[in-house]
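Enquirer: Before anything else, here's the structure in question.
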Amino acid sequence: MLPLSRRALAVVLSLALMAPAAWAKSPMPTWHPAFYAAPEPSGADVTAKDITLRQIVKVSVGGERVRLRLSNAYGDKPLRLKDVHIARRTTGSGIEVASDRGLTFNGAAGVTIAPGAYVISDPADITVVAGSDLAVSVYAKDPVPLKTVHDIQRGVLYRASGSLAATAQFPAETIDIGIGNAFSFISAVEVASAKPLSTVIAFGDSITDGYGITPDTGRTWPDVLNARLRDAKLPVNVINAGISGNRMLHHGTWARFGTGALTRFDRDVLAQPNGAAVIVLIGINDLGHAKSPESEDYVSAQDLIGGLKQMALRARAHNMKIYVATLTPFKGTVFKDYYTDHKEAERQTLNAWLRQSQDFDGVFDFDRALEDPARPGWLRAGYDLGDHLHPNDAGAAAMAHAIPLTAFDWAK
């Protein structure tokens, strides 16, 4: 690969100091019915070749320069990408051709990512507006293992045969959102902003990730919080590090539910550029997915308290602030065996401890923001997605508005 010139190196270093992640996702192992014929877990070794994937991402920061992070976190073979582009999106898979930029890596087009590693592109000059969509397109000529994605939430992915990374719009017959919103390889988009921004990482499970939020139109609670912070002109940006189905102390019951939160904390929180604080909402799946107090994966309120304290120690060792949120109501949930009165008692014990704890920089009471006052333990009907576990758009907004913006006065 070509060495960087002194000027290019200075640009890279300045971007590293100034650019927060404007969009991010947490890598997880691949599983998706469009790729696998068998129900999970299949263990199939799925590859693709001569394929272009175009991922739509909504950036929360505006600026004049962008760079990309790509991940092969769960790959066991090198990931070779021949062409990588970024552009402003128009509609569907369409891009504004004048804004299209072919990205380089250490001065060269294309990149090979080692198993378990990630890479950062060279910065590209492209003007982006906070809240707008970018299209990230990657082309793989040779077979690539489809091992690392972010499944289920928060985006739209298009795929087409052939080398189309710079194409204005994919041919209609090749547009495929049937594989849902699985972000293949794309880990983060960083944008150099006009003034320094501190990054706050929203860290949790599907309630943070945005289960049931409609791609392109819906907003998660981190999205709503970001909008509030922008309106208040606070120099803080929130990125979403939620994984649906995620647990704190065990890996997901299925691969698609990701590596356990205590395990991935360093990768998804402490390694974020300009990371200044984290908001942790995790634990409901630890309670819900445990079959009984006698099962191997049983987790008590005290176990969750211990895990949260460990996160606090690790955050503060990196000079990061840590906020926690109370676990939200789940009584009556439609998911089989997820709710029991015993699990509800553990949730109440944890929440009571959180409300009086001095171990964190703040506690946000999402439980009280969402609970039906007439039916303790239940989500309010107007905030319920319909499964009595996940909040809808109104519920997500209520969570975001339960966070006082004064909690971020340190960023002024």
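The values are calculated or read from the model by the stated rules, or taken from the named source; none is laboratory data. All figures in this text were calculated on a predicted structure; none of them were measured in a lab. With ideal geometry, Cβ positions are generated from the backbone for all residues, glycine too; neighbour counts draw on all protein chains shown. The accessibility values were calculated without ligands, DNA or RNA, using every heavy atom of the protein model including side chains. Shrake-Rupley method; radii C 1.70, N 1.55, O 1.52, S 1.80 Å.
Enquirer: With a 1.4 Å probe and all protein chains kept in place, how do 289, 318 rank by accessible area, largest first?
Expert: Sorted by accessible area, descending: 318, 289.
Enquirer: Need the list of lysines near residue 233 for cross-linking: C-alpha distance under 18 angstrom, and skip anything on the same chain fewer than eight residues off.
Expert: 195, 412
Enquirer: Now for a separate question. Local charge sum around residue 131 (other residues, Cβ-Cβ under 11 Å, Lys/Arg +1, Asp/Glu -1)?
Expert: That sum, taken over residues with Cβ under 11 Å, equals +1.
Enquirer: Also, quick follow-up: Restricting to the chain, what percent of DSSP beta bridges are antiparallel, rounded to 5?
Expert: 70 percent
Enquirer: Return the single residue from 259, 47, 104 with maximal mean-square fluctuation; model: Gaussian network over the chain, springs between Cα atoms under 10 Å.
Expert: 47
Enquirer: While we're on this one: From the convex hull of the Cα coordinates of the range 329-368, what is the mean projected area in square nanometres?
Expert: That works out to 3.3 nm².
Enquirer: As a test, work out the antiparallel percent of DSSP beta bridges whose residues both lie in the range 242-385, rounded to the nearest 5.
Expert: Expressed as a percentage, antiparallel bridges in the range 242-385 total about 20.
Enquirer: Related question: Using 0.36 nm times the number of residues separating residue 109 and residue 233, minus their current alpha carbon distance, what extension gain do you get?
Expert: That pair, residue 109 and residue 233, stretches by 40.9 nm at full extension.
Enquirer: Against the 2.2 N^0.38 Å scaling, with N counting residues, where does the range 48-131 land? I'd like the Cα-based Rg ratio to two decimal places.
Expert: The range 48-131 yields a ratio of 1.14.
Enquirer: Which value, in Å² rounded to 10, gives the accessible area of residue 161 with a 1.4 Å probe and all protein chains present?
Expert: Accessible surface of residue 161 is approximately 100 Å².
Enquirer: Among 22, 369, 394, which one shows the biggest mean-square fluctuation in a GNM of the chain, springs joining Cα atoms closer than 10 Å?
Expert: 394
Enquirer: What's the magnitude of the charge dipole for the chain around its Cα centre, counting Lys and Arg as +1 and Asp and Glu as -1 at the beta-carbon? Answer in Debye, nearest 20.
Expert: 1220 debye
Enquirer: Right, something else. Mind listing which trypsin sites (Lys or Arg not before Pro) in the range 190-242 are in a DSSP loop and have 16 or fewer other Cβ atoms within 10 Å?
Expert: 233
Enquirer: Could I ask something else about it? What is the projected area of the convex hull of the Cα atoms of the range 245-349, averaged over all directions, in nm²?
Expert: 6.8 nm²
Enquirer: Hey, what number do you get for the chain at 222 nm if only DSSP H runs of n ≥ 4 count, each worth -39500 (n - 2.57), divided across all residues, to the nearest 500?
Expert: My calculation for the chain gives -6000 deg cm²/dmol from helical runs alone.
Enquirer: Most mobile of 223, 337, 297 per a Gaussian network model of the chain (Cα springs, under 10 Å)?
Expert: 337
Enquirer: Just grab the label-to-label distance for residue 406 and residue 302, each label 7 Å out from Cα along the Cβ direction, in nm (one decimal).
Expert: 3.6 nm
Enquirer: To the nearest 0.05, what FRET efficiency results for residue 80 and residue 317 with a Förster distance of 30 Å applied to their C-beta separation?
Expert: Once rounded, the FRET efficiency stands at 0.25.
Enquirer: Run the reach check for residue 58 against lysines, Cα to Cα strictly under 17 Å, same-chain hits fewer than 8 apart removed. What comes back?
Expert: The qualifying lysines are 25.
Enquirer: Okay, moving on. How do 321, 25 stack up against each other in accessible area, from largest to smallest, with a 1.4 angstrom probe?
Expert: 321, 25
Enquirer: With an 8 Å cut-off on Cα pairs and a minimum separation of 6 or more residues, tell me the relative contact order of the chain in percent.
Expert: Reported as a whole number, the value is 17 percent.
Enquirer: Also, I was wondering about something else. Probe 1.4 Å, all protein chains in place: accessible area of residue 294 in Å², nearest 10?
Expert: Accessible surface of residue 294 is approximately 150 Å².
Enquirer: For the range 190-310, what class follows from the C-alpha gyration tensor (a ≥ b ≥ c being the square roots of its eigenvalues): rounded when a/c is under 1.5, otherwise prolate if a/b is larger than b/c, else oblate?
Expert: prolate
Enquirer: Let me ask something else. Rank 263, 127, 326 by accessible area, highest first, at a 1.4 Å probe radius?
Expert: 263, 127, 326
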